[in-house]
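Comments concern the structure below.
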Amino acid sequence: MHKLAQLDRRYVWHPFTQMRDWERAEPIVLVRGKGAMLEDAQGKKYLDGNASIWTNLHGHNHPKLNRAIERQLKQVAHTSALGLANKPASLLAEKLVKGAGCPLKKVFFSDDGSTALEVALKMAYEFTRRTGRSRAPRFLSLDGAYHGDTIGATSLGHIDLFHKSYSGLLFKSDKVAAPACYRCPFNRAKPQRRDARLYAKCNHECATQVEQKLERRKYAALVVEPRVQGAAGMVMHPPGWLKRVAAAARASGALLIADEVMTGFGRTGKVFAGGKEKVVPDLLCLAKGMTGGYLPMAATLTTQSVYNAFLGEYEEFKTFFHGHSYTGNQLGAAAALASWGLLHQPKAKVRRKAMERVLEHELDSLWALAAVGDVRREGLVVGVELVADWKTRRAFALKDRAGFSVCEAMARRGVLTRPIGNVIPLLPPYCTTDAQLRRMVRVLRESIVEVLGARQV
Ligand SMILES: Cc1ncc(COP(=O)(O)O)c(C=O)c1O
């Protein structure tokens, strides 16, 4: 075993990982990257099939991002945002506000997706109390929601596997059905293949449930992952659902918190997924891709009216009492500015559209496999759901480890991604070539065949 792998096994505890399993195999130790490729300590090369857990936008070792960080490093790496301003954070805040659109006006920086959500929920909670709407406001979020792992963000989540054991630590938030078309409880998704066309015909019964919930209680906010619920299994929402629930939240007086930690920065085809339905939330949470996947940095954008609720004389103590040591980090902000520039290059937008077309074409071949139940795509987010029986949509039991085994087989063939239960996500970095995209899907197909068989429908 490689020396670095031994060190890892001896000392490192990995996130969301059963360490007994981990200790049985030699870990992949990544040592360098270039574009969409990563290389391990043994010299084996891999395609980064999930953009390093949905963070990387423009590829690894990008010369422009490297230069931006190096330039900033020669000035200063980090200064505190507590009582002090800095250049890249101010420039970045302006870009984000202008890019996100009205009514978002203010940016509060933090460190990662979870803290972006903590900030949003504390702001929404206090805003709701201060405006007299409710003294003990609650939050409404979706079944299958995942908003991070800090206690506040976990409280907004509704994936039992992740959240149940901590229930005693969490505050109560209400749950409402999410649009999950492939397993639609309203029986809209008939047992046929390629049901996407059928989804469009539904009347968004699941949105009606959200509307009813919002009518019944004065919520501080409705929290959604716009258009795609990532950790729920790359579950894509039918067009129109977001607009309808956003309008319902507004009508009820609740704020809308959009968690675009995964969907932000071009992933779904627009800079922000809400833009696909012209929905601008009251609080917008950004992280992951913000620095191009280089450095941990996050932002919560909000409106003038939420901001105003925290204004007052010093001794009134209406201050937003929240902050982190690395809030507004200068290196992170410099990387984010460079990444924003790359994202908005006209040729980059054209390229992302072309990538979508290549993916769509390649993914088509997966429908023939009996072990594939659903192939979902929104922009450059793909979820391939593996099933024990495609006719009944019966899922594999988690203990069968179908998703894990397929991803292990993919890694052996040189493509890295991480399963979400029985769903295999593909989120290519935006620099991935057509040949690499084709290879990604071919490797997925071969790995499904190796692990689950070649039976066709
Ligand atoms: C939608 C969403 N929100 C929040 C988070 C938490 O982000 P982080 O892991 O950076 O804390 C994630 C992470 O996957 C996410 O997908």
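Since every read-out is calculated from the coordinates, none of them should be taken as a lab result. Keep in mind the model is a prediction, meaning the values are calculated, not measured. Note: ideal-geometry Cβ built from the backbone for every residue, glycine included; neighbour counts use all protein chains shown.
Given Cα pairs under 8 Å that are at least 6 residues apart, what percent is the relative contact order of the range 76-343?
Once divided by the residue count of the range 76-343, the mean separation gives 29 percent.
Can you check what the net charge comes to around V97, using other residues whose Cβ is under 11 Å from the Cβ of V97 (Lys, Arg +1; Asp, Glu -1)?
Computed value for this residue: +3.
For the range 226-241 and the range 7-34, compute the distance between their C-alpha centroids and round to whole Å.
One Cα centre to the other: 30 Å.
Given N residues in the range 1-123, what is its alpha carbon radius of gyration divided by 2.2 N^0.38 Å?
Taking the Cα Rg and dividing by 2.2 N^0.38 Å, one obtains 1.40.
Could you give the nm distance between label points at Q18 and A247, where each point is 7 Å from its Cα heading toward the beta carbon?
4.7
Tell me which DSSP H helices of the chain clear both cut-offs, 24 Å or more of axial length from alpha-carbon atoms and a mean Kyte-Doolittle hydropathy of at least -0.5.
Length and hydropathy pass: 113-130, 434-452.
Over the chain, what is the percentage of antiparallel beta bridges among all DSSP beta bridges, to the nearest 5?
Taking every DSSP beta bridge with both residues in the chain, the antiparallel ones total about 70 percent.
Report, for the range 76-343, the % of DSSP beta bridges that are antiparallel, rounded to 5.
45
Could you grab the relative contact order for the range 267-393? Cα pairs under 8 Å, six or more apart, rounded to a whole percent.
Relative contact order comes out at 22 percent.
Reachable aspartates and glutamates from K34, Cα under 20 Å, same-chain residues fewer than 8 places away excluded?
By straight Cα distance, K34 reaches D48, E70, D434.
Once every DSSP H run of n ≥ 4 in the chain is given -39500 (n - 2.57) and the sum is divided by its residues, what mean residue ellipticity at 222 nm do you get, rounded to the nearest 500 deg cm²/dmol?
Computed mean residue ellipticity for the chain: -11000 deg cm²/dmol.
Enter the Cα centre distance for the pair the range 318-357 and the range 107-156, rounded to the nearest angstrom.
Cα centres, the range 318-357 to the range 107-156: 22 Å.
So which aspartates and glutamates can K106 reach, going by Cα to Cα under 20 Å and dropping same-chain residues fewer than 8 places off?
Here the aspartates and glutamates satisfying the reach criterion relative to K106 are E94, E118, E126, D259, E260, D282, E313.
At 25 °C and 0.890 mPa s, what whole-number value in µm²/s does Stokes-Einstein give for the translational diffusion of the range 45-192, with Rh from the Kirkwood sum over Cα pairs?
For these conditions, the coefficient is 127 µm²/s.
With only alpha-carbon pairs counted, each pair once and no self-pairs, how large is the Kirkwood hydrodynamic radius of the range 227-343 in angstroms?
16.0
Only Cα pairs under 8 Å and at least 6 apart count here; give the relative contact order of the chain as a rounded whole percent.
For the chain, the relative contact order is 21 percent.
State which entries of K175/K349; K64/K270; K164/K278; K278/K349; K213/K276 exceed 28 angstrom in Cα-Cα distance in the structure shown.
As for pairs spanning more than 28 Å Cα to Cα, those are K175/K349; K164/K278.
Calculate the all-directions average of the projected area of the chain's alpha-carbon convex hull, and give it in nm².
Mean projected area of the Cα convex hull: 22.1 nm².
Return an integer: the convex hull volume of the alpha-carbon atoms of the range 76-343, in Å³ per residue.
Measuring per residue, one finds 135 Å³ for the Cα hull of the range 76-343.
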